[in-house]
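**Q** Structure below; questions to follow.
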Amino acid sequence: MKLVAVTACPTGIAHTYMAAEQLEKTAKRLGHTIKVETQGSMGIENALTDEDIKGASCVILAADIVVRDMDRFAGIPIVEASVQEVIKYPEALFQRLPH
Amino acid sequence: MQIAFTFPLKAGLHARPAARLQDLANRYLSTVTFRNKTNGSTASAKSTLALVSTLTRFGDQCLLTVEGEDQGRAFIDVRDFVTDVLPHADDELPPVSFPARERPFPRMLRDSSPLQGVPVSPGLAMGRAAAVRTTDVFTDVPKSADGNWEDEEAKLVRAIGKVAEDIERSLAARSRRPEKAILQAHLSILRDKELHDRIVGTLRAQPVSVGAAVAEAATYYGDLLSKSDNAYLQERAVDIRDVTGRIVTAIYGSSGGTIKKTLGSDAICIAENLTPSEFLSLGANHLRAVVLAHGGATSHTVILARAQGVPCVTGVRNALSYIPDGEEVLVDAERGLIFLRPDTEVRNFYKIEFARQEKAASRVSLISREPACTAEGKRIEIGANASSIEDVRVAMRNGAEGIGVFRTEILFLDRATPPSEDEQTKFYTGILNEAGDKPVILRTLDIGGDKPVPSIPLPQEENPFLGYRAIRMYADHSDLIDSQIRGMLRASATGLARIMFPMVSTVTEVMRLKERVRRCMDELHNIGIPFNSRTPIGIMIEVPGVLFQMDRLCAEVDFFSVGTNDLTQYFFAADRGNERVSNLYNPFHPAFLRGLRMIIESAHRHGRWVGICGEMAGVPAAVPVLVGLGFDELSVSPVLVSHVKADLRTLPDTGCATLTKDVLVSDTPEEVQARIQVFLRTSRQFDLVDVDIVDLAAQGSTKAEIIRELVALLQLDGRLENADEVEEAVWRREDTYATGMGNGIAMPHCKTSSVRVASIAVAKLSTPILWNPPEDPVSLVILVAIPGDGGAESHLNIIAHLARNLVHEEFREALMKAVSPEKVVSVLRGTVDES
């Protein structure tokens, strides 16, 4: 499955990046491709392009704050989770993805 | 004419709005009656006390009635008050019954309710309360009247007038509105007609003294208000006691006697206020801390407490009534908190704080053995100010490299006749002996109208600080001074003595003093008594006029020592003990600093040594500037010696020089202080991870304790501006979402301006704890602290990388398995290098 994701947490210092790493690691293990944009203290990194978003079967939002630029995901199924949940129980999150 | 309304203030009808209504009502002849329909009470609006006594609460239905010949105008005013003034009467006041807290409260202290005051001498102490009482004003009041009731009433009227004058005076000195409002409320209680009538009523009915009648009124209104279920009104009982107490003191005078109290071990002295001699009579042996109801930050008692390292909190109103004698008390003179019977949580918090202070002390004591120098190795002597042999002993123990000023007045105090030359010789020899191979600057007698000495009668003066004091009186007391100088010279045969004269204003004075020394030397020489004929002679710089005679003075003396306390006071013509002008007294003012530069430049041009022996020398923020200015010596209180030596070690002298150039061209003391703060924050180089901020055996058994321990670790290493604010920032993040990440690891973090340098602190826990009960057992905690003001971008990248690494098992295992702080640092540094 082709996935895109955005992670964001209140201070954006640590957990944004932990969640991103966890998503990448778990996706790889489960045989998905994923690109994760981080919205943290260093601003937006690894930004999702229109190309990335086009054809994605699902958007994962791992965020404890408001995610910026939500318009670009119009028409794509969105799965939301807290950053904490993604870090601790990544498998559970992937089970929630639409098949 | 009537107006009905719902009472709008959350705090109820308390003294301040009542006072304003009273003021207004008293402007008219009409009667103004306040009625609380909810509880059925009624009061004349012309009496604050009567109004407050209605115990009116938020939401009560009220009615104001105006009746009389000028009721038309009065009603308009009353109506405007109800609609426009009353609803906003509390807007500018701090929240009900809690004093405004500028600093956040550490989490572990949240559930406690300590008394609060102003910390004036830092430190922590635990002990038992020892109440030192100057008698309660009401108990010593005579019960029966001296004359008839009219005489007693006359006393009351005079006293009220005097207290009113006092309050008016402090009102004029205050600028903050809440303080003014409270003083005004006190004033209106003082002038309250009902209070006055009650007291006079008692006087007429019974043959009692006015004091007893005031006491009766104090009890009556105190009880009435105490019964209220509104905490705010309950506290107003204290206002009544305060005002009535002042009336009684104005009539009978205050009965503060000397203290005859022997302190038990670990005593926390609790008192209204202490004079310097009362403080000294307590003895330092068992005294752990002092808690005062009154007393300013620059009072001599507080300066003494600081010099002796005794923690002190002042401004703890009613300390004596709240803290029972013998009670277990914990004093936090860093935050200004006093805990009675501290509970386990509070104790655990202070266990961490005490441990941190002990560690800091042992680091400092290591440094105190080394010669004092800057980070770049430039030598600056750190000396101590002393007035007793005990001071010299403490100074030497703390690594002092000399005695910058030894005040000899102590030899002359508390005795009917001055000490003989032999006695002085013996005393000075003892001092030199105690100092060993370190030089001692012996200062000749510095007394005057403000420092009376029984054996030397001096006239009382209007203005002693500008009067007949120190060397100015030497000509009239030649024998006394000569014997002192000979005593010093005779001692000079046995150690490194230097002689210094206080309060010099002109070159002519110095010539006369030198002539005096020469004469003393001749006398000793003629009778064959040994002395060091090359004993250096120096002067104190306390008088601004001296700055413009430096070139001539350099030709006459061997050294200078700047007494910044007096020099600042004379420089700005402001008495720092006078709270109305003490804001002018500021040694950080750039003009004053330029004066210091003048002194040093002239002295050094002539190869003369310049020390500084005022309080400024021991102020951490001043040290980098004093180094930059080029002082040869900083002489500080004996207990500060090792701390100043430790601070000095962290200061790069090139940085101090640049800072000093900047502050000298600043406009205001605030600007100077701000520049210094930035300098202190940025002058030291820190690594993001370091063995000093890794604790592999953290003791804490709760999340709060672990967070505090980590913050304390960062604080100990000098990485934080303010530990409590950093802790609070960490908790704010935890409160939105606990930062446990599973796998036994938590990564709390914060970004705040209270962090000086980006830091990663690590704690391995002896026993795992629940980070976010009931889940998340954690045994490794990584605290990330980032400065708020930007400039940390490169660090953010590293931390993001570290966070990503923590998701991988191999990395976590390497961290968990690390057995030494070095290993932890190298695993974390691996991350640093990768990114």
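**Q** Normalised radius of gyration for the stretch B:580-691, please: alpha carbon Rg relative to 2.2 N^0.38 Å, two decimal places.
**A** 1.11
**Q** Moving on. Using alpha carbon coordinates only, what is the Rg to Rh ratio of the stretch B:516-572, with Rh defined as the Kirkwood radius?
**A** Taking Rg over the Kirkwood Rh, I get 1.14.
**Q** Then there is this: For the residue pair A:R72 and B:E165, what label-to-label distance in nm results when each label sits 7 Å from Cα along the Cα-to-beta-carbon direction?
**A** 7.8
**Q** Pop out the ³J(HN,Hα) list for the stretch B:571-578 in order, Karplus 6.51 cos²θ - 1.76 cosθ + 1.60 with θ = phi - 60°, rounded to Hz; leave Gly and Pro as x.
**A** Here the 3J(HN,Hα) series is 4, 9, 6, 9, 7, 6, x, 9 Hz.
**Q** Place a +1 charge on the Cβ of each Lys and Arg in the stretch A:10-79 and a -1 charge on the Cβ of each Asp and Glu, then give the dipole magnitude about the Cα centre in debye, rounded to the nearest 20.
**A** Around 260 debye, computed over the stretch A:10-79.
**Q** Once the cut-off is 42 Å, how many percent of the Cα-Cα pairs in chain B end up in the long-distance tail?
**A** That tail contains 47 percent of the Cα-Cα pairs.
**Q** Sort the following peptides by mean Cβ neighbour count (other Cβ atoms within 10 Å, averaged over residues), highest first: B:242-251, B:495-504, B:398-407.
**A** In descending order of packing, they fall as B:398-407, B:495-504, B:242-251.
**Q** Percentage of Cα-Cα pair distances in chain A greater than 23 Å, rounded to whole percent?
**A** Looking at chain A, the distances longer than 23 Å represent 14 percent of pairs.
**Q** While we're here: Of the accessible area of chain B, with the probe set at 1.4 angstrom, what percent is carbon plus sulfur?
**A** Working: 18410 of 36080 Å².
C and S atoms contribute 51 percent here.
**Q** Report, as an integer, the average count of C-beta atoms from other chains found within 10 Å of each Cβ along B:733-741. Don't skip to the answer; put the middle values down first.
**A** Values: counts 6, 0, 1, 5, 7, 1, 10, 3, 9.
Mean shielding count: 5.
**Q** Right, here's the next one. Please work out the FRET efficiency for the pair B:D735 and B:D140, using the Cβ-Cβ distance as r and a Förster radius of 51 Å; give the result to the nearest 0.05.
**A** 0.45
**Q** I've got another one for you. Take the cross-link list B:K359/B:K438; A:K28/A:K88; B:K359/B:K645; B:K378/B:K823; B:K378/B:K438 and give me the ones stretching past 26 Å between alpha-carbons.
**A** Too far apart for the 26 Å limit: B:K359/B:K438; B:K378/B:K823.
**Q** Am I reading the A/B interface right? What is its buried accessible area, both sides, 1.4 Å probe, to the nearest 100 Å²?
**A** Numbers: alone 5380 and 37050 Å², together 40410 Å².
Looking at A and B, the buried total is near 2000 Å².
**Q** Enumerate the amide H contacts of B:A130 below 5 Å, restricted to partners 5 or more residues apart or on another chain; note that Pro and chain-start residues carry no placed amide H.
**A** B:I268, B:C269, B:I270, B:G326
**Q** Pick out which of A:E24, A:E51, A:E80 has the largest mean-square fluctuation in a Gaussian network model of chain A, springs linking Cα atoms closer than 10 Å.
**A** Per the Cα network of chain A with a 10 Å cutoff, A:E51 tops the list.
**Q** If packing is taken as the mean number of other Cβ atoms within 10 Å per residue, what is the order of B:103-113, A:58-68, highest first?
**A** Top to bottom by mean Cβ count within 10 Å: A:58-68, B:103-113.
**Q** Okay, moving on. Please give the direction-averaged projected area of the C-alpha convex hull for the protein assembly as shown, in square nanometres with one decimal. Don't jump to the answer; show the numbers that get you there.
**A** On the way: hull surface 196.7 nm².
About 49.2 nm², averaged over all directions.
**Q** Could you tell me which residue out of B:S779, B:A89, B:P104 lies farthest along the dipole of the protein assembly as shown toward its positive end? Charges go on the beta carbon: Lys and Arg +1, Asp and Glu -1, centred on the Cα centre.
**A** Result: B:S779, furthest along the dipole toward the positive end.
**Q** Collect residues whose amide H, placed 1.01 Å from N in the peptide plane, falls under 5 Å from the amide H of B:I541; neighbours closer than 5 in sequence don't count.
**A** Under 5 Å from the amide H of B:I541: B:S561, B:V562, B:G563.
**Q** Could you pull out every one of the lysines with an alpha carbon less than 26 Å from that of B:K155, ignoring same-chain neighbours closer than 8 positions?
**A** Those lysines meeting the cut-off are B:K46, B:K143, B:K193.
**Q** Another question, then. What order, most packed first, do the peptides B:384-390, B:592-598 have when packing is the mean number of other Cβ atoms within 10 Å of each residue?
**A** B:384-390, B:592-598
**Q** For B:N526 and B:D325, compute 0.36 nm times the residue count separating them, minus their Cα-Cα distance, and round to one decimal in nm.
**A** 66.1 nm
**Q** Ok, one more. What's the FRET efficiency of B:A361 with B:T682 using the Cβ-Cβ distance as r and R₀ = 35 Å, to the nearest 0.05? Mind dumping the intermediate values first?
**A** Values: r = 26 Å, r/R0 = 0.75.
It comes to 0.85.
**Q** Can I ask one more? Kirkwood hydrodynamic radius of the stretch B:641-728 from all distinct Cα pairs, in Å?
**A** One decimal place: 15.4 Å for the Kirkwood radius.
**Q** Continuing with this model, one more query. For the stretch B:1-128, give the magnitude of the charge dipole about the Cα centre (Cβ charges: +1 Lys/Arg, -1 Asp/Glu; no others), in debye to the nearest 20.
**A** It comes to approximately 620 debye.
**Q** Follow-up question, since we're still on this one. Once R0 is set to 30 Å, what does the formula 1/(1 + (r/R0)^6) return for the Cβ-Cβ distance between B:D479 and B:R393, expressed as a FRET efficiency to the nearest 0.05?
**A** In this case the efficiency is close to 0.40.
**Q** Apply the Karplus curve 6.51 cos²θ - 1.76 cosθ + 1.60, θ = phi - 60°, to the phi angles in the stretch B:758-769 and return the couplings in whole Hz, x for Gly and Pro.
**A** Couplings: 4, 8, 10, 9, 10, 10, 9, 8, 5, 10, x, 10 Hz.
**Q** Please give the charge dipole size of the protein assembly as shown, origin at the Cα centre, charges +1 on K and R Cβ atoms and -1 on D and E Cβ atoms. Round to the nearest 20 debye.
**A** 540
**Q** Simple spin-label model, 7 Å along Cα-to-Cβ: B:F465 to B:A657 in nm?
**A** 3.7
**Q** Averaged across the residues of A:75-86, what count of C-beta atoms belonging to other chains lies within 10 Å of each residue's C-beta?
**A** Average per residue, whole number: 1.
**Q** Averaged over A:64-72, how many beta carbons belonging to a partner chain fall within 10 Å of each residue's beta carbon?
**A** 0
**Q** Name the long-range amide H neighbours of B:H749: under 5 Å, sequence gap of 5 or more, or other chain; modelled H, no Pro or chain starts.
**A** B:V784
**Q** Of B:L640, B:L337, which has the most accessible area with a 1.4 Å probe, and how do the rest follow in descending order?
**A** The residues order as B:L640, B:L337, largest area first.
**Q** Which aspartates and glutamates does A:K35 reach when only Cα atoms under 14 Å apart count, and residues fewer than 8 places away in its own chain are ignored?
**A** Of all the aspartates and glutamates, those that pass the test against A:K35 - Cα under 14 Å, at least 8 places apart if same chain - are A:E21, A:E24, A:E45, A:D50, A:E51, A:D52.
**Q** Ok, one more. Extending each Cα 7 Å along its Cβ direction at B:D111 and B:T702, get the distance between those two points in nm, one decimal.
**A** If labels sit at B:D111 and B:T702, their model points lie 0.5 nm apart.
The values are calculated or read from the model by the stated rules, or taken from the named source; none is laboratory data. What you see is a predicted model; the values in this text were computed from it and never measured. Positions of Cβ are backbone-derived with ideal geometry, glycine not excepted, and every protein chain shown enters the neighbour counts. Protein only, heavy atoms only, side chains kept; ligands, DNA and RNA dropped before computing areas. Shrake-Rupley method; radii C 1.70, N 1.55, O 1.52, S 1.80 Å.
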